[in-house]
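See structure below.
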Amino acid sequence: MEARKVFLTEDEMPRQWYNILADIKMNPPLGPDGKPIGPEMLAPVFPMNLIEQEVSTQRWIDIPQEVLGILRIWRPSPLVRALNLEKALGTPAKIYYKNESVSPPGSHKPNTAVPQAYYNKAFGIKKMVTETGAGQWGSALAFACSQFGLECKVFMVRVSFDQKPYRKAMMETWGATCIPSPSPETNAGRDALKKDPDTPGSLGIAISEAVEAAVSDTTGESRYSLGSVLNHVMLHQTIIGLEARKQLDKIGKYPDVIIGCAGGGSNFAGIAFPFVLDKMNGKAVEIYPVEPAACPTMTKAPFVYDHGDTAGYTPLLPMHSLGHAFVPPPFHAGGLRYHGMAPTVSQLITEGIITPRSISQLAAYEAGVLFARTEGIIPAPETTHALAEVINEAKKAKEEGKEKVILVNFSGHGLLDLSAYEKYFSGALTNFDLTDKDILESEKIFEKFPKPQLLKSR
Ligand SMILES: *Cc1c(COP(=O)(O)O)cnc(C)c1O
């Protein structure tokens, strides 16, 4: 009988993260003067030990013992064969999902929240400030800060704050404070409220608020933390793909297709980056990051220099972007409502090494419900996008009569997203497909910025 689940022992857990910056060429981040920024410019925002990681080009980076000790609460995470889903689809494909929903906050996000809290604590920081979209990142950082005895403050995008009251309760249970963004507490928040008092908010605005709150703390003991997009976040998430590779090795398999949903790109990078090098070395593997059609950063927006936040506090990053002022429609996958994309993921797209896909809201929920009714676990709305693409691929494998191995990152469960499922069942959810005109309009904003070069890593 073929394995339904593949486990690793705690001793088999990876001891190092994989740093893709050793293997790809990147445009540098730029400061306000259009010149590459030095690490010292980020010092008010992040602790120096994390900044060093952000710019490191060392291929393998040791995971500190204290971090491993906490990750072991739920890691190694299981790799599960989706046999019932395969059967329902009548596909010859073998579908394996890496179950990242087993962490205490219910997603992959603590894989980076824990090391970030560790490095902040080691640097002498007392308080971490962040933003959260769907609430997953806020709860992950709240959990991590509680493990290290750090204070934690979270600006939560208004639309999600209203849609998901229990995420706030979760953060408070771990000792964090959580307020809706835009808030009257910061200049960035006040500006956004002045422009539109009824704004649903956006990750871009919430990032501006959190950065501002962190750097304006005169004690110097606060730092900002970001749950996706940045190089060090992608680095910490590679534990997912490194484990998955060992698990597949154990059963003598290698993926033909790797799929992950992508908001800022971190859970996708986590599962995919350890396989990207193989692909650059000639291995035949298709790698698909999946985004919502309502926020088509990778499939429709250009590769440009843009700010990571709405107020323009962050450096200019080379990435696919819909423009930092873009406020996505309030579709129900808060973690995928971001205007930009990780520079590393964006670079791989420009080189054609990975191929983005987009999924409409209704197709995503349909896939989520099928997964719940076959495999049992109710997926987070973000995760359903990846699952919809898995189903597309499994159907394609059926048409072609091919026994493909599909590896997907199951980024989180949806047990705090049930109000969105309720809306889906009542017929209240619709598709929000953006027109090319909407996109052109939002993009005028970076006409004045320098353009990144098209670099070839190989
Ligand atoms: C935050 C989140 C995402 C999207 O963020 P990435 O950085 O792109 O991974 C996807 N799935 C879940 C469950 C999330 O919480």
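The values are calculated or read from the model by the stated rules, or taken from the named source; none is laboratory data. On a predicted model such as this, the values are computed, not experimentally measured, just so you know. FYI the Cβ positions are ideal-geometry reconstructions off the backbone, even for glycines, and counts take in every protein chain you see.
Every residue, every condition in (1) in contact (Cβ under 8 Å) with a residue 12 or more places away in the chain; (2) out of contact with any helix residue (DSSP H, G or I) (no Cβ under 9 Å at 6 or more places or on another chain); (3) under 24 Å from Gln247 (Cα atoms); (4) hydrophobic (A, V, I, L, M, F, W, C), yes or no:
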| position | (1), (2), (3), (4) |
| --- | --- |
| Ala388 | yes, no, yes, yes |
| Lys398 | yes, no, no, no |
| Gly401 | yes, yes, no, no |
| Ile406 | yes, no, yes, yes |
| Gly412 | yes, no, yes, no |
| Leu416 | yes, no, no, yes |
| Ser419 | yes, no, no, no |
| Glu422 | no, yes, no, no |
| Phe425 | no, no, no, yes |
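So, in the range 351-372, of the ones that are touching a residue at least 60 places away in the same chain (Cβ under 8 Å) and charged (D, E, K, R), which residue ends up farthest from Ala293 (Cα to Cα)? Even if it seems obvious, please write down each step before you answer.
So the first thing to find is which residues in the range 351-372 are touching a residue at least 60 places away in the same chain (Cβ under 8 Å), and the list is 351, 353-362, 364-365, 370-371.
If we keep only those that are charged (D, E, K, R) too, we end up with 351, 357.
Working: Glu351: 22, Arg357: 9 Å.
The qualifying residue farthest from Ala293 (Cα to Cα) is Glu351.
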Across the range 409-419, what is the number of residues that are part of a helix (DSSP H, G or I) and closer than 15 Å to Gln136 by Cα? 1
If you take the residues of the range 111-144 that are free of Cβ contacts under 8 Å to residues at least 40 places away in the same chain and of a type outside the set (A, V, I, L, M, F, W, C), which of them is farthest from Arg158 (Cα to Cα)? Lys121
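Identify, please: which residue in the range 331-352 is within 9 Å of the ligand (Cβ to nearest atom) and assigned to a helix (DSSP H, G or I) and is, among those, farthest from Glu131 (Cα to Cα)? Quick ask: steps written out before the conclusion?
Quick first cut of the range 331-352, residues within 9 Å of the ligand (Cβ to nearest atom) only: 333-336, 338, 341-342, 345.
Adding the requirement that they be assigned to a helix (DSSP H, G or I) leaves 334-336, 345.
Values: Gly334: 12, Gly335: 11, Leu336: 14, Val345: 21 Å.
Result: Val345.
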Requiring at least 3 residues that are buried (at least 17 other Cβ atoms within 10 Å of the Cβ), the strands (runs of 3 or more DSSP E) wholly within the range 46-146 are 79-81, 94-99, 127-132
Could you please let me know if Pro318 is crowded, with 24+ Cβ neighbours inside 10 Å and modelled with pLDDT of 95 or more? yes
So is Asp436 under 25 Å from Tyr288 (Cα atoms), within 14 Å of the ligand (Cβ to nearest atom) and at pLDDT below 95 or not? no
How about the range 115-137: which of its residues are among the β-branched types (Val, Ile, Thr) and under 15 Å from the mean Cα position of the chain (by Cα)? Thr130, Thr132
Being under 19 Å from Gly264 (Cβ atoms), of a type in the set (Gly, Ala, Ser) and more than 16 Å from the ligand (Cβ to nearest atom) is the filter here; which residues of the range 99-130 pass it? Ala117
Go through the range 213-268 and count every residue that is part of a loop (DSSP other than H, G, I, E, B), over 21 Å from Ala93 (Cα atoms) and either within 16 Å of the ligand (Cβ to nearest atom) or not assigned by TED's automatic domain parsing to the domain that holds Pro47 (or both). 10
Could you list, in sequence order, all residues of the range 269-295 that are of a type in the set (A, V, I, L, M, F, W, C) and either outside the structural domain of Ile439 (by TED's automatic domain parsing) or within 13 Å of the ligand (Cβ to nearest atom) (or both)? Ala269, Ile271, Ala272, Phe273, Val290, Cys295
